[in-house]
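Please treat every number below as a calculation from the coordinates, not as lab data. Since the structure is predicted, the reported quantities are computational estimates derived from the model, not experimental observations. Glycine gets a Cβ as well: all are built from the backbone with ideal geometry, and neighbour counts include every protein chain shown.
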Amino acid sequence: MPASTQLGSQLVDLCSVLLLLCCFAIVAQRRLSACVDLFALQSAFLAATAALVAFLTGHKHIYFAAALTIVIKVIVLPRILRKVIERLNVSRELGMNINIPAGLLICGALVIIAFFITQPIIPLGYLLTRDSLAIALAIILIGFFTMIARQKAITQMVGFLVMENGVFLGATAAAYGMPLIVELGVFFDVLVAGLIVGIYTHRLQDTFDSVDTSTLTVLKE
Amino acid sequence: MTVLLVGLLAIYIAGVILPPCFSGKARIQNLVAHGLAAAAGFAGMVLGLAGLLAPEPWTASVDSSIPFLSVAIRLDPLASFFVLTISVVGLAASIFALGYLAELYGRASIAAMGSLLNGFLLAMTLVVLADNGFFFLILWEVMSLLSYVLVVTEHEKPGVREAGLFYLIMTHVGTAFIILTFLIFFQETGSFSFEAFRHPDQQLPEGLRSIAFFTALIGFGAKAGIVPLHVWLPYAHPAAPSHVSALMSGVMIKTAIYGLIRVYFDFMGGEFPWWWGFTLLVAGTVSALLGVMYALMEHDLKSLLAFHSVENIGIILLGMGAGMIFHTYGLHELAALGLLAGLYHTINHAAFKALLFLGAGAVQFATHTRQIEEYGGLLRRMPWTGAFFLVGAVSIAALPPTNGFVSEWLVFQSLFLSFQLPTLFLKLMLPIAAAMLALTGALALACFAKAFGMSFLAQPRSSHARHATEVPRSMRVGMGFLAGLCIVLGLAPMLVVPLLDRVTAPLTGAAISSQVLALDGWVVAPVTVEFSSISTPVLAMLLVVAGALGLLIARLFGKALGARYYKTWGCGLNLTPRMEYTATGFAQPIKQVFETIYQPTVKLEQEFLEQSKYFIKHQRFESHIEPVFEKYLYRPVVALLLAAADRLRIIQAGSLHLYLTYIFVTLVLLLLWAG
């Protein structure tokens, strides 16, 4: 492997690790608005990774995806979420099903699982981004875990978006990104999901005076 | 053939699409929908006859992009016979519907009913023509769903909704078993094409073959209404509008008979284990006997007819079962006879049951009730309907010279011929089945003496019956066509048997029509004229002669005896309809005799005047019989299912986080397992 490629590969790995770190930060965060900020930061790192991959491989369409990431995930979605938080006057505290230390431990375990699972696959790859696959899987799992561990609808949205970031990273890592049309579709989906969660949170607040999804249990019979 | 088939399909499809185009004009919708259905019925009759007479089966197939599915059609004699049966009844029912639905203008959607009816007839016709398992299952499902929608036409009544749901569940249980049957064949042949299923090289392993036998029996049995899978039938068939009931009872349950014959004789031909036929024989005997016994206790005219469908399916199965047993022992000619008897009864039952359901519909049209207890004296008010109903009643009671008699007689003969079997057990069992069939026939006669007598004779028991008038002409035409058919099928076995022989010969490997029809076809003799033979035309002539003779004697000697006309003596009281024999009263002795089966509950509450206990202030009589199968077979199963569902509800906590956790844990476990 030539030196420049090796350097590029290491840079991609660095960016991926920063993404993963953001995940841990989200799990360790007590304040709601900070979670949203961290998600914006993570998305910025994701855009950087994508741009890096585009630069190293010369696949122009990844630049486009990176630009979209910045517009939608760094600017638009965080703004929607902040607005929802402001308007609904959601208390800053996060409702937790699992406390932070335990959550971090579980996340650590999830990272190990992710690396364990991808172990047999990674050596088969030949792309310079291949190591990121394990990290992408870890991000997906942690995003999912966030959805379970936090009670408020907005944190669940953040968890979902983190998962989406993981999927994006995974696609970049495994195959230099999905075809542009798929990418566009996914961005559109994410945007719509953001809007829906916004509305859904309003309804939740109206009905239960809280955005805690645990209150939904009363809907059963 | 191609032109006929394409024309037939085109008319039905037009019948589905066109009626809704005339929105707001109920009369035109009715004319278009049922006119097209009748035209298609006529085309179907021609197609069926052409298919029966064709020397070679006619096939066509179009492959589709869906794996294993090809739109394949095969018009062999068996399929042709069923197309003929469906089309005949479809024709009569559509003509009947023209008048029958006039009452509903403005109250129900005629366009929807007409479209659904055409779709239903189309699906049934294609079911018997399908030559691909996948295609067959799709059509079968379409047929079941459309008939469900037709059953719940009057969905504003809660009873109808319940009946519909019951039907829907049972028919899907049945479909599941049919899918299983085809999957067993698919596993062995790697194809869903019927051609591959029937290929002689393909022989299922013995164990698998027997499993397929049972899955087919349960799957098709649920549709046919074989006891104990019949429970939905007496609810669902009467709930539908009468012309639909006629189609469901007359032909839809016959598609199940078609399925059974197709699977057993066509796909699994060759050696049957002896107990297959025996199983059918037992199922047939039980269905026939219990069907007629429950019919006797039923005082809702259409439910009574529905129970009789169970009985007649039993009789058809007796013929088929005997055929299979003979087939096992290589007695191919007798096998052909049994199957032929079953098929003969199939078309006969289609004709007279449809006729009776149309008759019941006509009576309901005129009186707005289905309770026999509220009828009476209808013959004077509705002479045509009464006459047609009588023809149907005589046919179903298997009295000569009508069609029911011929086919039941043939079933009897094939059962009696069991003395040619090598095993003692079966030699004993077949005559026992014949004895049970005899009992069934006697009870059916009693039942229709009740149904006809209590409905049409004596004086009206309610104002409904008193104000009844004859039904419109189209309804009479529909009934008259079937009544004529009942008589023709009875008087002309020499025309029917050769056609049926073309169906059974390829399936059993023996052509018997020349043997069965002796003396230029005027005599039907299963083995030899000496052993047993019968001739309905001669019987009919004898009946006419005897009747004329009776009249003549009465005319000659009646005067001499001094006839005096006077009112019926009523112990000095004026006669009122309340003194008439009721349907309940008529059935009472039989209820007493078969108490163990019916498990009747009788309650009488009386309140007397204080002055004397000889004067009753008011009294309340209650009598009902136990629905044994529902109580001991179905309710425990339903209770078990509900209990299991209750247990499973623990995991349905309603918590979003819990559901997410389920997904998460599953995902991680699957990933670990795959890694």
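Using C-alpha pairs below 8 Å separated by at least 6 residues, the relative contact order for region B:291-393 is 26 percent. Using the Cα gyration tensor of region B:634-674, with a ≥ b ≥ c the square roots of its eigenvalues, what is the shape: rounded (a/c below 1.5), prolate (a/b larger than b/c) or oblate (neither)? The shape class here is oblate. Diffusion coefficient (Stokes-Einstein, Kirkwood radius over C-alpha pairs, 4 °C, 1.567 mPa s) for region A:96-176: 99 µm²/s, rounded to a whole number.
In this calculation the C-beta distance from B:Ile597 to B:His618 is compared with R0 = 25 Å, giving a FRET efficiency of 0.15. Residue-wise HN-Hα couplings along region B:490-504, as the Karplus relation 6.51 cos²θ - 1.76 cosθ + 1.60 with θ = phi - 60° gives them from phi, are x, 7, 10, x, 5, 8, 7, 4, x, 5, 5, 4, 5, 6, 7 Hz; Gly and Pro carry x. Arranged from fewest to most other beta-carbon atoms within 10 Å of their beta carbon, B:Met248, B:Met436 become B:Met436, B:Met248.
Would you kindly work out the equivalent ellipsoid of the protein assembly as shown from its C-alpha gyration tensor and give its semi-axes, the square roots of five times the eigenvalues, largest first in whole Å?
Result for the protein assembly as shown: semi-axes of 70, 35, 26 Å.
For an R0 of 51 angstrom, estimate the FRET efficiency from the Cβ-Cβ distance between A:Phe115 and B:Leu165 and round to the nearest 0.05. Taking R0 as 51 Å, the efficiency between A:Phe115 and B:Leu165 is 0.45. Remark: the B:Ala554-B:Val173 segment gains 131.2 nm on full extension, using 0.36 nm per residue and subtracting the alpha carbon distance. Going by neighbour counts of Cβ atoms within 10 Å, the residues A:Asp212, A:Asp189, B:Asp501 line up, fewest first, as A:Asp189, A:Asp212, B:Asp501. In summary, the aspartates and glutamates within cross-link reach of B:Lys25, defined as a Cα separation below 15 angstrom excluding same-chain residues under 8 places away, comprise B:Glu103.
For region B:144-218 and region B:477-497, what is the centre-to-centre distance using only Cα atoms, to the nearest Å? Value for the Cα centre distance between the two parts: 32 Å. In this label model, B:Trp673 and B:Glu470 are separated by 7.4 nm, measuring between points 7 Å along each Cα→Cβ vector.
Computed from backbone phi, the HN-Hα couplings of region B:425-435 come to 4, 6, 4, 7, 5, 5, x, 5, 4, 4, 5 Hz, rounded to whole numbers (Karplus: 6.51 cos²θ - 1.76 cosθ + 1.60, θ = phi - 60°; Gly and Pro given as x). Per residue, chain B reaches -22500 deg cm²/dmol at 222 nm when only DSSP H runs of four or more residues are counted, each adding -39500 (n - 2.57).
Averaging 1/r across all pairs of distinct Cα atoms in region B:98-246 and inverting the result yields a Kirkwood radius of 16.8 Å. Modelled spin labels at B:Phe531 and B:Asp646, positioned 7 Å past Cα toward Cβ, are 6.0 nm from each other. If we count GluC sites (Glu not before Pro) as exposed when they sit in a DSSP loop and have at most 11 other beta carbons within 10 Å, what is the longest stretch of chain B that avoids them all? That would be B:157-529. Across region B:388-402, coupling constants 3J(HN,Hα) worked out from phi with the 6.51/-1.76/1.60 Karplus curve, θ = phi - 60°, read 5, 4, 5, 4, x, 5, 5, 5, 6, 7, 6, 9, x, x, 7 Hz, and Gly and Pro carry x.
A DSSP coil position with no more than 12 other Cβ atoms inside 10 Å describes the following trypsin sites (Lys or Arg not before Pro) in region A:1-105: A:Arg30, A:Arg92.
The distance between label points at B:Phe425 and B:Tyr634 comes to 3.3 nm (points 7 Å beyond Cα on the Cα→Cβ vector).
Of the complete DSSP H runs in chain A, those spanning 18 angstrom or more by Cα along the long axis with a mean Kyte-Doolittle score not below 0.0 are A:3-28, A:32-57, A:100-118, A:132-149, A:153-175, A:180-208. Neighbour counting of Cβ atoms within 10 Å sorts the residues B:Leu552, B:Leu660, fewest neighbours leading, into B:Leu552, B:Leu660. For chain A, the share of alpha carbon pairs falling in successive 10 Å distance bins from zero is 8, 34, 33, 18, 6, 1, 0 percent. Across all directions, the shadow cast by the convex hull of chain B built on its C-alpha atoms averages 40.0 square nanometres.
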